Amino acid sequence: ESKSKRKKLGFRRMMRSRDHSSSSNGSNRSSINGNGSNHNTSSNSSTSTKSSTNANTSSSGSGSSGKQHSHRVMDPNVRLQLGRAIQSGFIEKCNPTSIQGQHSSLYHATASKSARDADGNSGACGGVGDDNQHHDVAVKVLKARSTEDEDNLLLDPRYSGKMLPCSRRERLYLWAEKEFRNLVRANDRGKVPVPTPLQYKENILFTRFMGTDANSPAPHLHEMNHYPNGDPIWDAWYTQVMESIRRLYNDANLVHGDLSENHILVAPSDQVDNTIGCGHGSDSEDLQTVLIDFGNAVDSQHPMAQQLLEEDLLRIQAFFESRGVKTLSAEESLELVQSSFDFHQDGDSADGGNGLRDYLHGSFHTLDFGLDSKDSDNTDD
């Protein structure tokens, strides 16, 4: 049995365990990557749209966050772009049931046969891996943003001066471009576990779908309640998330700006290009925390970057403390993320997970970050 098949079986067992735990509390919650939304999944039905994006879809429902499945009529421009994606062979079909969030609507699309048969790891629909396993596509349609969000974008050095002459629709296109560029930087430069960015068109983002299929999307971190507080896997996921934030800041020069347990998925590790191992056992090696929703991410030179980073770290600290993890203090977390410390120092992990794990769980005061060292030549530019 191949390694990827074992991981898929492990993910499905985890999902069954999660669903059983949720149903005992009177709910069955899951989520498609993005939006920080929860939703119920149920029996399939068949629907069609004017762009021939008919597919099997889940019945409507809502979770505790109030995000809902919807059969709203798609914007004509969205239908046009999805129709073109189908005609070009980029996707085969798109499930018309969407998940409505504050800033976007999410759809699951089935990878086309040509994409499933393609070679490589980052093709139209994520390509295929070593075990010839295809990945479906998440379709994220962006909605209008608030004036406060637009002011935040104006301060981004990459977009300064681009907002005022734009129409409302052109602003949406700019937000899509910004989120796509952030994902590419995080994925390629930062080696951060994120949904693989595939392409964007107007106000539509296409990324690799996290989960086994439309009815079994990757859950959000806060939905993993079948693991009891204090379970070692929470330590593993804390390690993964902190290393992700550190890579994002140091290597991709980005701050997420809206990071919380609602914007982190738990997915099979073979569905992301970059993984972070942390040596806490089989479950933690097969499952990877994945950062999502990069629309609010800003360049590290943004005037609000420091404040946004501190707020991200406080939210992560509070969540993991509630799960029984002994976390770093706010000051220690900030020092970790903004340092250029090399966690590969002992060669104990190709991805630095074990070195960071030792640091996070008891070795903070024994490691020299060199932040006050006179030798500043080793500091990243």
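Any read-out appearing in this document is the output of simple, stated calculations on the displayed coordinates, not a laboratory observation. As the structure is a computational prediction, the values presented were derived from the model and not from experiment.
Largest first, the three principal axis extents of the alpha carbons in the range 240-281 are 29, 23, 19 Å in whole numbers.
Here the translational diffusion coefficient of the range 150-259 follows from Stokes-Einstein with Rh set to the Kirkwood radius across Cα pairs; for 37 °C and 0.692 mPa s it amounts to 203 µm²/s. What shape does the range 206-250 take by its C-alpha gyration tensor, where a ≥ b ≥ c are the square roots of the eigenvalues and a/c under 1.5 counts as rounded, a/b above b/c as prolate, and the rest as oblate? Because a/c hits 1.5 or more and a/b fails to exceed b/c, the range 206-250 counts as oblate.
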